[in-house]
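Here's the structure we're looking at; comments come further down.
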């Protein structure tokens with residue numbers, strides 16, 4: 001019924017409802033894509049600027065470099081475990097073969113070399129800024145300690161056993177992995193932020209154990225010490241548990257961890273049943289069930305608070321980066337030059353690629369100079385040969401970033417074009433079918449009218 005009423009087609013879906021979208025036409029197939037223009041001199045100059053320092057910075061800041069260092073840190077921890085196992089076997093009179101020991105020494109030297117190379121690369125890239133990062137100072141200190149251990153092991157009369165102690169400090173590189181895992185890092189930050197409350201909770205716990213230790217030493221240890229009717233074995237056990245204040249405090253601390261508390265409570269209740277259950281119930285309520293759960297709640301609350309704060313900061317930073325990127329993209333659009341209608345033509349964009357300042361600004365917003373010459377054809381969604389500021393800004397925002405972002409955007413726009421052409425073809429086909437159906441209906445009506453006006457046939 002909707003088709004018979006001839007209702008208009010629904011509008012095409014937009015890429016993003018919050019931003020103006022490229023114009024979309026469905027009048028027939030799109031023209032063939034123009035040949036890719038040659039790279040401008042500014043693009044070639046930008047590509048030729050790949051100096052060793054720039055390549056080294058790109059290498060040091062690449063995520064695969066960080067992943068590689070993380071793998072080496074984990075392998076180093078495993079190696080230290082194997083080396084300590086080998087040393088323990090040697091101390092027990094079961095040494096490994098000389099070849100295995102030599103292999104361990106060679107692997108140890110390789111780990112030191114890799115860590116020195118990693119710190120050297122980051123120091124060469126960041127220079128003085130290297131010393132402003134606490135993690136960098138930790139890495140540098142651990143590498144320096146490892147090198148000192150190597151030097152100590154080479155001293156005459158010292159031996160490699162003394163230098164092996166310095167090797168254990170390399171395990172400190174495991175803390176470097178903490179900031180790579182966001183969830184784990186948020187938990188650590190939450191625990192650290194709640195440390196002040198935790199310290200006061202431990203002070204309160206000490207006071208509670210101290211008070212109950214004095215009471216238990218007096219009410220259990222001293223009152224039952226002179227009871228001659230007590231079993232000697234039970235008397236020895238109670239004397240070991242509550243014979244003095246230090247013993248009583250240690251026993252209560254052990255009971256708070258739920259270790260052997262049932263045996264102790266039953267033995268005390270056997271001789272002091274009147275008040276022993278109430279005494280230990282009050283102690284457990286204040287410590288295990290009360291104070292410890294409060295500490296856990298404080299840590300969880302601090303962790304959740306830090307996670308929310310981290311999320312808020314991420315949203316603010318992302319919004320600020322997007323705002324700054326839009327500003328830079330608009331500067332690029334105006335720098336390229338627009339016509340009297342405020343549109344950027346394809347020829348003007350290609351001429352702008354000869355300008356080093358324009359190419360540099362594109363690089364600042366995340367557009368690779370090697371792909372800049374294909375940017376206009378990608379953003380020219382409707383093949384009109386001109387881009388508005390909204391089209392240029394929205395397209396560059398989606399194309400910038402990782403190397404595959406532009407490829408994803410190209411596929412996305414191609415799908416939109418195919419969808420537009422399919423809708424145009426479907427509309428044309430529907431129009432043709434409607435016209436054919438209308439013609440057939442008119443012929444049928446004419447035939448029916450002709451049959452009604454014909455004289456009746458004579459009887460045979």
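Each value in this text was obtained by applying a stated rule to the coordinates, not by laboratory testing. The shown structure was predicted, so the numbers you read here are calculated from the model rather than taken from an experiment. As a convention, Cβ positions derive from the backbone with ideal geometry for all residues, glycine included, and neighbour counts pool all protein chains shown.
A few notes on this one:
- Spin-label pair residue 113/residue 180, simplified geometry with 7 Å Cα→Cβ offset, distance in nm: 2.2
- Residue-span extension gain [residue 436 to residue 334] - 0.36 nm each, minus C-alpha spacing: 31.5 nm
- Pairs of Cα atoms farther than 24 Å apart, segment 195-307, %: 31
- By the beta-carbon count within 10 Å of each Cβ, the least crowded to most crowded order of 382, 364, fewest first, is 364, 382.
- Stokes-Einstein D (µm²/s) once Rh is taken as the Kirkwood radius of segment 53-180 over alpha-carbon pairs, at 4 °C in 1.567 mPa s: 82
- Residue exposure sequence - 393, 303, 257 - by fewest surrounding Cβ within 10 Å: 257, 303, 393
- Fraction of the pair-distance distribution of segment 84-143 above 18 Å, Cα-Cα pairs, percent: 52
- Ordering 316, 361 by the number of other Cβ atoms within 10 Å of each residue's own Cβ, fewest first, gives 316, 361.
- Spatially, segment 282-337 and segment 107-142 are offset by 29 Å when compared through their Cα centroids.
- Take the convex hull of the alpha carbons in segment 329-399; its mean projected area over all directions comes to 4.1 nm².
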